[in-house]
Structures are given as structure tokens and as C-alpha cells.
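These notes are about the structure you will find just below.
The values are calculated or read from the model by the stated rules, or taken from the named source; none is laboratory data. As the structure is a computational prediction, the values presented were derived from the model and not from experiment. Every residue, glycine as well, gets a Cβ built from its backbone with ideal geometry; the counts of neighbours run over all protein chains shown.
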Amino acid sequence: MVITEVNNKTAVKEFLNLPRKIYQNDPVWVCPLDTDTEKIFNPNKNHFHQHGSIIRWIAKDKSGITVGRIAAFVNEKKAYTFPEPTGGVGFFECINDTEVAIALFDTAQSWLKEKGMEAMDGPINFGENDAFWGLLIEGFTHPSYGMNYNKPYYKELFEAYGFVPSYEQITNHLEVNKPFPERFTK
């Protein structure tokens, strides 16, 4: 396996297309718009670049097929508000392979250590926490746009690396094509 930095148009395309491969047979996955993903990495469109740094990588198997991706970032305004300097990881996508996941997490962790970070939080976003945030662990129903969605096995990949939940975010799902219960219409 080879992990390379995303630093050219070809690598950006592979970074963006990997989720399409991973979720190609998942009927409830909602593909984020490439422009929404890319604006996170664009210093002209994401003001967090003014007080932080970000990098991303893709992992390829021996055949040259992209099998994983991850981004790491340091938000200088937030990193030092924790008991230990904390950087973030996000945009994680990976085939169901612990070796690939650990290699991606190790790559991100090494970069964060170079930046002076002592802890790693994720999956989060280099920006506002209104999109690309969190790890879905139950309720794999059709998500709202902007809500993070992932394969059920991601929980095991994160736990295998030592990630533990720091807080729980709850979302709700309401079937709008069914009549509302009477208590909603009073």
C-alpha cells in the first residue's frame, strides 16, 4: 500500500471519487457535492485557513486502486483549548480493511505531531461543525444532506485505532410521506 498527499488534480479527483466507489450499492447514501467538499480545502473559500492548516492523503493498494482517504488539520484557535493540543481528522473513507485504516490514521497522526498536536479528534471538519462531522454508529437510514454518513464497519475501524466517543450527537428521521400523528396537528 502507498499513501500519497493529495496535491494535484488527478489525486483530487481520486479523493472525491472514492466515496462513489465505496457507496455505489448503498441505496441511502447521499453523495456530497464535489464543490462542497472542495471549498473546505480552498483557502479562498474557507476562512479557517487563516488560522490553521490542512492536508489530505489517499491510499492505494498494490494494484494502484484507491482504497482509502483522510484529511488532517489544525485549527490554531481551537487546538489549544483542550487539555492537550488537539488536531482533527476527517473526510475519512476506507474499504473494510483495518490495515488500510490504521495506515491512514498513522499518517494523519504523524503530521499532527509534527504540528505540535498531542491528541487527534475525529471525524470532524476543518470549519464549521454543520457538515462532514461525526461518525454514524446506528440508524443507517437516508441522511439529510450535510449529515455525515458512513459504512457500519467504520465504527470498528475507528475503535481499532483507539478512538473513543467524546460526545453523542442525535439526529431524527421523520417519514414525511406518512400522515402526521394527531398530536402534531393540534
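Consider residue 77 carefully, then state whether it is loosely packed, with under 12 Cβ neighbours inside 10 Å, touching a Gly at 6+ places or on another chain (Cβ under 9 Å) and basic (Lys, Arg). Judged against the criteria, residue 77 is a match. Quick one: in region 11-36, which of the residues that are in a helix (DSSP H, G or I) and farther than 15 Å from residue 68 by Cα is modelled with the lowest pLDDT? Across region 11-36, the extreme among qualifying residues is 36. With respect to the conditions (1) without any contact (Cβ under 8 Å) to a residue 12 or more places away in the chain; (2) surrounded by 14 or more Cβ atoms within 10 Å (Cβ to Cβ), residue 110 falls short on a single one, namely (2).
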